[in-house]
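All remarks here apply to the structure that follows.
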Amino acid sequence: MKITKTILLFVIVISLAISMSYAEELTALKIIQNVYSRAEGEDMQAELTMTLMNKRGNKRERKIKQYSKDYDAMEKKVMFFISPSDVRDTSFMNWSYDEEGRYDDQWIYLPALKRIKRISSDSKSDYFMGSDFTYDDLGDRHPYEDTHRLLREEKFDNEDCYVVESIPKEEEYMYSKTATWIIKDKWLGLKKEFYDEDGDLLKVLSVKKYEKIKDYWIITNTEMHNKQKDHMTKMMLADIIIDGGIDDTTFTERIMKRGVQ
């Protein structure tokens with residue numbers, strides 16, 4: 001009898017441990033943290049094509065050289081506009097920090113003014129270079145800046161996904177909430193809905209293509225569709241080089257002014 005009770009107690013303890021582990025695995029915060037910390041290599045450089053399309057179907061295409069580098073507790077990114085002529089030599093730099101509560105630092109160089117402008121917190125909701133991405137969208141949002149809730153699990157684009165709702169803790173934030181479809185075994189955001197301050201759908205970010213490069217899952221083709229303005233921005237990466245080595249001076253104001261060589 002004692003042996004039977006001991007075995008039963010052991011089974012109950014193991015079952016509870018498995019259940020608790022499973023519940024922990026499915027917490028929304030844990031899922032978002034996995035997305036946030038997904039490895040993408042020590043550095044990356046690529047050719048970026050940004051295509052802007054209005055509701056009449058008119059297109060404007062921009063060519064950009066993009067660099068990023070991981071510094072453990074922070075990540076630096078810089079973009080150099082190559083063409084067309086009206087945006088050539090414009091550059092944008094973003095420094096993101098893992099430290100909770102520390103916001104991104106951002107700068108933009110405008111060749112017509114021949115000066116670098118620091119993006120203030122009040123300007124984070126401004127749209128970047130006529131695109132459907134705000135300055136805030138171009139940075140990395142820390143998981144603890146939002147309250148997350150796992151809405152459901154479902155199939156999307158033939159992938160098993162978690163659907164996570166994120167509500168900002170900051171009252172005056174530009175979005176009232178977002179909803180993200182995250183691929184379970186890759187920790188990639190496959191789709192993201194952005195809701196405005198009134199709770200209405202504002203825009204949708206869709207991942208059209210991702211691929212494995214040097215054992216890292218890299219998103220190479222996205223579309224941001226502003227539903228309220230019926231305007232779209234497409235971002236396509238090509239000639240991607242991961243861990244090719246990027247000099248630290250690439251992420252400086254001096255190089256922003258000089259441009260990519």
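Table for the structure above
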{"item": "Any hit, region 15-30, residues being surrounded by 10 or more Cβ atoms within 10 Å (Cβ to Cβ), among the charged types (D, E, K, R), at pLDDT 95 or above and more than 22 Å from residue 180 (Cβ to Cβ)", "result": "no"}
{"item": "Every pair of residues 6+ apart whose Cβ atoms lie under 9 Å, when the first sits in region 157-181 and is touching a residue at least 60 places away in the same chain (Cβ under 8 Å) while the second is surrounded by fewer than 20 Cβ atoms within 10 Å (Cβ to Cβ) and in a loop (DSSP other than H, G, I, E, B)", "result": "162/26; 162/184; 166/141"}
{"item": "Condition check for residue 70: in contact (Cβ under 8 Å) with a residue 24 or more places away in the chain, closer than 22 Å to residue 186 by Cβ, touching a helix residue (DSSP H, G or I) at 6+ places or on another chain (Cβ under 8 Å) and surrounded by 12 or more Cβ atoms within 10 Å (Cβ to Cβ)", "result": "no"}
{"item": "Residue in region 94-132 that is nearest to residue 50 (Cα to Cα), counting only those that are of a type in the set (Gly, Ala, Ser) and more than 16 Å from the chain's Cα centre (by Cα)", "result": "130"}
{"item": "Residue match in region 218-232 (condition: in a helix (DSSP H, G or I), surrounded by 14 or more Cβ atoms within 10 Å (Cβ to Cβ) and of a type in the set (Ser, Thr, Tyr))", "result": "no"}
{"item": "Matching residues in region 96-144 - criterion: being in a helix (DSSP H, G or I) and surrounded by 15 or more Cβ atoms within 10 Å (Cβ to Cβ)", "result": "128, 129, 143"}
{"item": "Total residues in region 52-94, condition under 22 Å from residue 255 (Cβ atoms) and part of a strand (DSSP E or B)", "result": "23"}
{"item": "Matching residues in region 245-261 - criterion: being surrounded by fewer than 13 Cβ atoms within 10 Å (Cβ to Cβ), among the polar types (S, T, N, Q) and outside any helix (DSSP H, G or I)", "result": "261"}
{"item": "Single unsatisfied condition, residue 197 versus (1) farther than 21 Å from residue 68 by Cα; (2) assigned to a strand (DSSP E or B); (3) among the acidic types (Asp, Glu)", "result": "(2)"}
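The values are calculated or read from the model by the stated rules, or taken from the named source; none is laboratory data. Since this is a predicted model, take the numbers as computed values, not measurements. Glycine also receives a Cβ, built like all others from the backbone with ideal geometry; neighbour counts cover every protein chain displayed.
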